Structures are given as structure tokens and as C-alpha cells.
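The values are calculated or read from the model by the stated rules, or taken from the named source; none is laboratory data. Computed from a predicted structure; not experimentally measured. In this analysis, Cβ positions are derived from the backbone assuming ideal geometry, glycine residues included, and neighbour counts consider all displayed protein chains. The accessibility values were calculated without ligands, DNA or RNA, using every heavy atom of the protein model including side chains. Shrake-Rupley method; radii C 1.70, N 1.55, O 1.52, S 1.80 Å.
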Amino acid sequence: MKIFYNKVFKNYFLLVCCLFLLEVFFKLFNGISLFNWSIIRIFLGVNMVCLIFGFLYSFCGRIVGNALTIITAFIFTIYSILQTGFYNFIGTFMSLGNMSQLDAVADYFGDYIASFRWYYWIMLLPFIGVVAYYVLVEHKIHVMEMNELIDFSDKFDSEERKDLNNRKRRKELKNTIFAEKASAIIAIGLLTGFYYSTFVAPFMQNELQIKTNSELLVNPDLPNIANAQLGFVVYSLTDSKSLLFPASVKVKYDYADGYTIQEQKQSGFTRKINDTIWKKAIEDEHNSSYKTLSNYYISQSITDENDYTGLFAGKNLIVIMMESVNNVALNPSYYPNLYKLYSEGWSWDNSFSPRNSCPTGNNEMAGMVSLYTINNKCSANAYMNNVYPESIFNLFNEAGYTTSSYHNYTDQYYFRKIIHNNMGSGHYYGVQELGIPYSDVYEEWPSDVELMKKFLKNSESDEKYMAWISTVSTHHPYGVSSELGDLYLDTFANTNYSTPMKRYMSKMKVLDEAIGVLLDGLEKQGKLDDTVIVLYGDNYPYGLKTEYLTNYFGHDMSKYNEVDKTPLIIYNSAIKATKFNEYTSYINITPTVANLFGLDYDPRYYAGHDILSKDYENRVIFSDGSWRDDVAFYDATSGKITFFSKNFTYSNDEIKSINNSIKNRITMSNLAIKTNYFNYLNNRFKEYTVSPISGEAELVTDSEAEKK
């Protein structure tokens with residue numbers, strides 16, 4: 001018991017027992033493998049963190065030190081429970097970088113808590129153990145320590161000797177305290193060294209991991225992998241550090257020192273782009289981030305034109321991002337209008353909407369600009385002043401279209417009025433401007449039927465237009481009663497679906513009615529044949545438990561990110577119905593549409609690709625770096641790959657090559673967003689002209705620049 005007289009050890013020991021046990025629960029409850037090298041890294045990390053806390057708290061009085069230890073244990077306990085619940089609810093771990101979504105979290109907090117598994121509360125047990133120690137044991141040990149000091153003092157027969165020896169005892173105590181502090185500092189140094197070794201020892205690394213553990217320690221921008229490899233304790237601290245002191249974007253990447261132009265095989269489909277100005281701009285650039293980005297993007301392959309190029313040239317375009325819509329929508333009995341578009345248009349049966357901690361805002365942005373958003377931020381909000389000349393709006397602006405965007409809710413969660421305008425939308429219509437009734441009560445969402453009616457009225461006089469419509473009626477929560485959630489409950493009365501599932505399906509019928517209103521309206525206006533409609537789901541209905549969806553579809557939705565499957569449909573009344581099997585996501589919408597409409601665009605600017613191209617890689621990439629194709633599913637969080645057939649596999653070198661390509665695409669997209677790169681590039685190009693005599697790029701003089 002005497003070792004607990006040591007305040008550094010006492011607080012350290014209690015914290016390390018509590019937090020490491022929490023780390024074990026955290027892995028088990030989130031389906032993260034416990035038996036691999038990461039557990040050693042996590043154990044050492046927890047010891048290092050707890051020893052630092054114990055050392056700092058030892059400078060406080062006994063009561064204050066005890067209180068700080070209890071508070072620390074409580075904060076990490078609540079954090080681990082909330083993270084586990086968030087992962088279960090959304091499918092990814094949260095980051096402090098998404099602070100802009102605190103309002104949304106507050107609104108759906110009840111639905112979020114209701115989704116918790118009962119065993120999550122087991123994670124309270126280590127904290128209860130810490131409190132029990134301080135309540136039942138710590139005071140007794142303190143009394144024992146005080147009694148020993150009194151006994152020591154009472155051994156001496158004279159006041160003079162007692163005073164002399166008490167001074168000696170106090171000196172010994174000071175020496176003891178100094179030794180405790182010094183030992184703690186040495187121990188922290190040793191633990192730091194051991195901890196560091198877990199990031200460099202080859203046997204402790206997963207060669208297939210998309211991002212190294214050292215990179216995650218500096219910038220934990222892939223929260224799923226960071227939590228699996230570093231543990232939630234270290235992740236919480238590095239995530240906080242990244243929020244307060246963001247990692248510099250001036251990092252040396254593979255493309256920092258140069259580029260290689262991909263050779264194009266010349267044919268009648270070759271897309272010709274003159275890179276003279278871009279090369280000159282790279283040569284003159286001194287900013288390392290911009291130079292790296294230009295080297296990377298200019299080195300990407302230029303997708304050829306194909307048989308689909310210009311197929312829809314001159315037609316109108318309506319892109320509909322359907323809130324929380326998955327393949328439940330493809331039911332002809334319940335949703336005839338959605339099924340009509342699915343069955344009579346082009347549809348992709350392996351379309352996914354990858355999850356992230358800011359699903360609607362990030363996935364809308366990714367659909368508009370074809371960049372991988374920053375996984376631990378609400379990228380559209382965090383960088384709302386960015387300008388994207390390559391966005392879907394600006395491509396159609398350049399082609400002479402009238403562009404606009406619509407959403408039937410307020411800017412409470414995403415600053416669409418600013419974001420869409422900076423994306424190039426000619427006019428953004430929010431719920432207030434549209435005059436659509438809405439409620440401040442979270443579970444009550446406006447009707448998409450009214451949204452489509454307003455759109456038809458506004459666009460009636462437009463001769464050639466491109467519009468982006470983001471719906472909202474199907475938004476969760478589904479666990480509570482609401483007007484739209486209860487509207488068609490009777491339709492599903494004789495099914496074995498859960499009540500939340502029925503409410504979701506009721507809301508889906510409202511969306512289906514809205515699609516019917518749109519189709520009827522376009523036909524009455526005489527525009528249906530001249531209009532292309534693109535539909536995609538922003539994310540799966542994450543307010544529903546996976547088992548509800550498993551029950552509906554009749555197969556396990558928890559494997560291989562199957563739960564993220566969502567519709568992708570391109571419809572025009574003149575095209576032949578076609579089902580495609582390619583793996584895809586919203587990241588490919590803009591380059592695919594640009595090619596279909598024969599727009600002037602550079603395919604290298606996009607992280608996505610034209611899905612109808614003969615060179616399409618046929619692979620979907622998830623926000624944490626996981627991927628899936630017709631050969632395998634790679635789980636970035638675990639770093640493991642599952643092959644769907646023994647006849648077709650990838651070698652480790654092939655997997656590493658795929659992962660490296662994905663890492664570069666995500667990293668460069670993130671860097672481009674952080675630096676507002678494409679706006680910079682567009683402005684940079686305006687500074688040059690190509691000499692008609694030499695054919696070389698030259699800087700434009702100030703007067704010429706003004707004329708230009």
C-alpha cells in the first residue's frame with residue numbers, strides 16, 4: 001500500500017487502469033481487432049499520457065489532484081462512449097474539426113442516444129472503479145500515511161531531538177518527492193522512446209495501410225484508421241492539437257519535385273488540351289503547395305472522348321441530391337416514380353455514397369466539384385469562401401446555360417447561400433425565398449413536393465438551364481412521430497418492418513410524389529424530352545439501424561460497406577434503359593455529366609472520372625481510404641483485404657499501388673481545398689498568353705491583363 005503514498009504513481013496507476021480498459025472496450029464494441037500490434041502502441045500511448053497527467057497533478061494538493069484525476073477519467077469515459085455511439089450511428093468517428101455541426105448534433109441528440117447498444121454503458125465501469133477507490137480506499141491510505149508520520153515523531157524523548165529529527169524527516173520527504181518527480185520524468189522519457197519505436201519498427205506496421213501511423217499522429221484526418229491504430233485517447237489529443245494548431249499544408253509529397261505528362265494514344269477520340277500556359281506557370285511558381293498540386297494534376301491522364309460524348313448537348317440538366325435515400329427507393333410498388341426513372345433510364349447497381357462525419361454537406365460538395373472532401377471537417381462550411389471554376393455550375397455557365405440551385409431548408413447547418421454562389425450557381429433559392437412552410441422542430445421537415453412545384457414555376461421561362469436540387473423530406477429522425485413520417489404509415493401496416501423503417505418509407509413516398517410532380521410538370525411545359533435528370537443519394541439513412549435494413553433487403557448489410565449502397569440514375573425520355581455494374585459514387589458525377597453534355601473541361605482537375613469512359617477503373621473509394629471493386633473489398637480501418645473469388649486476387653504490390661494512388665487522390669483533393677487551388681490556377685492562367693510567333697507562354701503586361 002505504501003506505493004500509493006506516491007502521488008505521481010497513484011494518479012497514474014488509476015488513470016492507466018481506467019483508460020486502457022476503456023481502449024479494450026472501445027475496440028471490442030466498434031468491431032476493431034484487438035489482437036494485433038496496435039494494442040501495444042495503444043498501451044504505451046495510454047501509459048505515456050497517464051504518466052504525464054499523474055506527474056502534473058502531483059504538483060497539486062491531495063484533494064485537488066484526486067479531483068483532477070476523477071475529472072480526467074470522466075471526460076475520457078464520456079468521450080469514448082460518445083465516439084462509439086457516433087460510429088454506430090454515422091459509420092465514422094467524429095472530429096473536433098466538425099464544430100460547425102454542433103447545432104445539428106444537438107438537434108438529433110435524442111435519436112443518437114436512442115441508437116446506443118445497451119452494452120456501451122459497460123464503459124462506465126472503469127470510471128466507477130476510479131471513483132470507488134477514492135471514496136472507499138484513498139482516505140484510509142492517507143490516514144495510514146499520516147499515522148506513520150505521527151508515530152515517527154513520537155519515537156523521540158525530547159522536544160529538541162523531536163524537532164531535529166522532524167527537520168531531518170522533512171528533508172528526507174523533500175528528497176523523496178524530488179526522487180518521485182525525477183523518476184516520473186525519466187519514465188516519461190523512456191515511455192516516449194518506446195512509443196516512438198512503435199511507429200518505426202517494421203514489424204509493427206501494416207504495409208497495406210493507406211496512411212502511415214506517423215502521418216496519422218501528425219494529422220489524424222482519417223479518424224477511423226487513427227482510432228484503430230492510435231486508440232481513442234491519443235486520437236482525441238492529436239485531433240484537439242490539429243484543431244488548435246493545424247498541420248502546415250506545405251508538406252513534401254511525391255509530386256513536389258516534378259511531373260511526367262501521361263502519353264495519349266492518338267485516335268479520333270483523343271481529347272486535346274494545350275498545356276503550354278500550365279507548364280510555364282509551374283516553372284514560375286515558388287509556393288511549394290501550389291507547385292506540388294500543379295505537378296500532380298498536370299501528370300494525371302486525360303480521359304478520351306467516347307461514344308457518349310455530347311450525347312445530351314444542348315439539353316437541360318437537373319441534378320437531384322436525394323436526402324438519406326438508399327436502394328429502398330427502388331421498389332416499384334411503393335415508389336413508382338423513382339422506379340420509372342430507375343427502370344427506364346441508366347442506373348448503376350454498384351453505386352455507393354461513402355460515409356463521413358459531415359455526410360450531407362461534404363457529399364453535396366463532392367458531387368459538385370469531384371474532389372474528396374476533408375474527412376474530419378465539414379469542408380464546404382470550413383472553406384465556404386473558396387471558388388471552384390471547375391465546378392458543375394461553372395462548366396454550364398461557360399456553355400451559356402442559366403444555372404441555379406435549390407434547397408427546402410434553412411442555412412442552419414450548411415451555409416449554402418454562400419457556398420453555392422461561390423460554386424458558380426447563378427442563383428441559390430433557400431426555403432425562405434421559395435416561401436415553403438417549414439418548422440424549427442427538428443423532426444418536422446418540409447415537403448419535397450412543394451420544392452418541386454417552386455422549381456417548376458421558377459424555371460418555366462428558362463430556355464436552357466442547369467439546376468441542382470437538394471431535397472430534405474426523407475431526413476431522419478425516424479424513431480419519433482412526425483407529420484411526413486406518419487403520413488403513409490398505413491401503407492406498410494401489414495409488413496414486418498420496424499416502426500422507424502416504416503416512418504422512413506413513409507417519408508420516401510413524399511419524395512416519390514415530388515419526383516412525380518417534377519415529371520408531370522416538365523411534360524406539361526414541353527421540356528421533358530429536352531431535360532436530363534441525374535439522381536443520387538447523399539448518404540444512407542443513418543438514423544436507421546443496420547439490422548432494419550438487413551431485414552428489408554434480406555441479406556447482411558454490415559459487410560463490405562453494403563449499407564452505403566445508394567441509387568445513381570441518369571434519365572432522359574429518349575435514352576435506352578441500361579443497367580451498369582461499374583462501382584461508382586457521387587465523386588464521378590461532374591466529369592461524367594461534362595462529357596455527356598460535350599462541355600469544355602479538363603478531366604485532370606477531378607478526383608472522379610467519367611464513368612462511361614472505356615478507361616474507367618471500376619472501383620469505388622470510401623472516405624477513409626477503403627475501396628471496393630469486383631475483385632475485392634479493402635478495409636482501410638483494419639488494413640485487411642477480402643477477395644470475392646479465389647480465381648481473381650491482387651498481389652501485395654498491386655494492393656499497395658492501388659492504395660498509394662488513392663492516398664494521392666485524397667491528399668491532393670484535401671490540399672486543393674485547403675489552399676483554394678483551382679481558383680488560384682484559374683487566376684494564374686489569366687496572367688499568361690501564348691505568343692503567336694514562338695508558341696511559348698509569356699506573362700501578360702498589366703495593361704494587357706486589364707484588356708484580357
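Taking (1) without any contact (Cβ under 8 Å) to a residue 24 or more places away in the chain; (2) out of contact with any His (no Cβ under 9 Å at 6 or more places or on another chain); (3) not in a loop (DSSP other than H, G, I, E, B) in turn, Lys576 satisfies each apart from (3).
Condition check ((1) within 28 Å of the chain's Cα centre (by Cα); (2) aromatic (Phe, Trp, Tyr); (3) buried (at least 22 other Cβ atoms within 10 Å of the Cβ); (4) within 23 Å of Tyr413 (Cβ to Cβ)) across all residues:
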| position | (1), (2), (3), (4) |
| --- | --- |
| Asn496 | no, no, no, no |
| Met505 | yes, no, yes, no |
| Gly516 | no, no, no, no |
| Tyr540 | yes, yes, yes, yes |
| Ser558 | yes, no, no, no |
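The selection criterion, being part of a helix (DSSP H, G or I), under 29 Å from Cys60 (Cβ atoms), of a type in the set (Val, Ile, Thr) and at pLDDT below 90, does not hold for Ile128. Residues of region 206-229 that are charged (D, E, K, R) and either within 18 Å of the chain's Cα centre (by Cα) or within 19 Å of Leu82 (Cα to Cα) (or both): Lys211, Glu215, Asp221. Just one of Ser294, Ser347, Ser357 is small (Gly, Ala, Ser) and in a strand (DSSP E or B); which is it? Exactly one of Ser294, Ser347, Ser357 is small (Gly, Ala, Ser) and in a strand (DSSP E or B), namely Ser347. Step by step: first the residues of region 33-49, then only those that are out of contact with any Leu (no Cβ under 8 Å at 6 or more places or on another chain) and among the β-branched types (Val, Ile, Thr), then the one that is nearest to Gly231 (Cα to Cα). Which residue is that? Among those residues, the one meeting the criterion is Ile39. The one condition from (1) open to solvent by 50 Å² or more (accessible area, probe 1.4 Å); (2) in contact with a helix residue (DSSP H, G or I) (Cβ under 9 Å, 6 or more places away or on another chain); (3) assigned to a helix (DSSP H, G or I) that Pro500 does not meet is (1). When Phe26 is tested against (1) surrounded by 22 or more Cβ atoms within 10 Å (Cβ to Cβ); (2) modelled with pLDDT under 95, only condition (2) is not met. Residues in region 638-663 that are open to solvent by less than 20 Å² (accessible area, probe 1.4 Å) and either of a type in the set (D, E, K, R) or not in a helix (DSSP H, G or I) (or both): 1 in all.
Contact map, region 194-220: first residue touching a residue at least 24 places away in the same chain (Cβ under 8 Å), second residue aliphatic (A, V, I, L, M) and surrounded by fewer than 17 Cβ atoms within 10 Å (Cβ to Cβ), Cβ cut-off under 7 Å, separation 6 or more or different chains; pairs are Thr198/Ile40; Thr198/Met204; Val218/Ala247; Asn219/Ala247. Contact map, region 81-93: residues that are over 17 Å from Asn376 (Cβ atoms) paired with residues that are modelled with pLDDT under 85 and assigned to a helix (DSSP H, G or I), Cβ distance under 8 Å, separation 6+ or inter-chain. Pairs shown: Gly85/Tyr112; Gly85/Ile113. The number of residues in region 518-537 being open to solvent by 30 Å² or more (accessible area, probe 1.4 Å) and outside any helix (DSSP H, G or I) comes to 4. For Thr198, the stated conditions hold: it is of a type in the set (Val, Ile, Thr), open to solvent by less than 20 Å² (accessible area, probe 1.4 Å), out of contact with any Pro (no Cβ under 6 Å at 6 or more places or on another chain) and part of a helix (DSSP H, G or I).
Of all the criteria given as (1) surrounded by fewer than 22 Cβ atoms within 10 Å (Cβ to Cβ); (2) assigned to a loop (DSSP other than H, G, I, E, B); (3) out of contact with any Pro (no Cβ under 8 Å at 6 or more places or on another chain), the one not satisfied by Ser404 is (2). Taking Gly45 as the residue in question, decide whether it is at positive phi and either free of Cβ contacts under 8 Å to residues at least 12 places away in the same chain or buried (at least 22 other Cβ atoms within 10 Å of the Cβ) (or both). It is false that Gly45 is at positive phi and either free of Cβ contacts under 8 Å to residues at least 12 places away in the same chain or buried (at least 22 other Cβ atoms within 10 Å of the Cβ) (or both).
Among the candidates Tyr414, Tyr478, the residue that is open to solvent by 10 Å² or more (accessible area, probe 1.4 Å), touching a helix residue (DSSP H, G or I) at 6+ places or on another chain (Cβ under 7 Å), closer than 28 Å to Leu544 by Cβ and part of a loop (DSSP other than H, G, I, E, B) is uniquely Tyr414. Taken together, the residues in region 444-466 that are charged (D, E, K, R), touching a Phe, Trp or Tyr at 6+ places or on another chain (Cβ under 9 Å) and under 26 Å from Ser324 (Cα atoms) amount to 2. Taking the stated definitions as given, is Lys614 over 22 Å from Thr303 (Cα atoms) and charged (D, E, K, R)? So Lys614 fails the test.
Taking the criterion of being in a loop (DSSP other than H, G, I, E, B), of a type in the set (A, V, I, L, M, F, W, C) and surrounded by fewer than 22 Cβ atoms within 10 Å (Cβ to Cβ), the residues of region 363-399 that qualify are Met384, Val387, Ala399. Among residues of region 458-472 that are under 10 Å from Gly426 (Cβ atoms) and free of Cβ contacts under 8 Å to residues at least 60 places away in the same chain, none has a beta-carbon under 9 Å from a residue that is outside any loop (DSSP other than H, G, I, E, B) and open to solvent by 10 Å² or more (accessible area, probe 1.4 Å) at least six positions away or on a different chain.
Would you confirm whether any residue within region 304-316 is hydrophobic (A, V, I, L, M, F, W, C), open to solvent by less than 10 Å² (accessible area, probe 1.4 Å) and modelled with pLDDT of 95 or more? Looking through region 304-316, at least one residue is hydrophobic (A, V, I, L, M, F, W, C), open to solvent by less than 10 Å² (accessible area, probe 1.4 Å) and modelled with pLDDT of 95 or more. Cβ-Cβ distances below 6 Å connect the following pairs, each with a first residue in region 313-329 that is within 15 Å of Leu528 (Cβ to Cβ) and assigned to a loop (DSSP other than H, G, I, E, B), a second residue that is modelled with pLDDT of 95 or more and aliphatic (A, V, I, L, M), and a separation of six or more residues or different chains: Lys315/Val532.
Taking into account only those residues within region 230-271 that are at pLDDT 90 or above and of a type in the set (D, E, K, R), which is nearest to the chain's Cα centre (by Cα)? The residue in question is Asp239. Is one or more of the residues making up region 431-438 under 14 Å from Ile318 (Cβ atoms) and in contact with a strand residue (DSSP E or B) (Cβ under 8 Å, 6 or more places away or on another chain)? No, region 431-438 contains no residue that is under 14 Å from Ile318 (Cβ atoms) and in contact with a strand residue (DSSP E or B) (Cβ under 8 Å, 6 or more places away or on another chain). Pairs are defined by a Cβ separation below 7 Å, a sequence spacing of at least 6 or placement on different chains, a first member in region 434-454 that is over 17 Å from Ser470 (Cα atoms) and modelled with pLDDT under 95, and a second member that is assigned to a loop (DSSP other than H, G, I, E, B) and open to solvent by 50 Å² or more (accessible area, probe 1.4 Å); the pairs so defined are Glu443/Val480. The set of residues in region 620-637 that are part of a loop (DSSP other than H, G, I, E, B) and buried (at least 20 other Cβ atoms within 10 Å of the Cβ) comprises Phe622, Ser623, Asp624, Gly625, Ser626, Ala636, Thr637. Of the residues making up region 538-573, those that are of a type outside the set (Ser, Thr, Tyr), farther than 19 Å from Ala636 by Cα and not in a loop (DSSP other than H, G, I, E, B) are Glu547, Leu549, Asn551, Phe553, Leu568, Ile569, Ile570.
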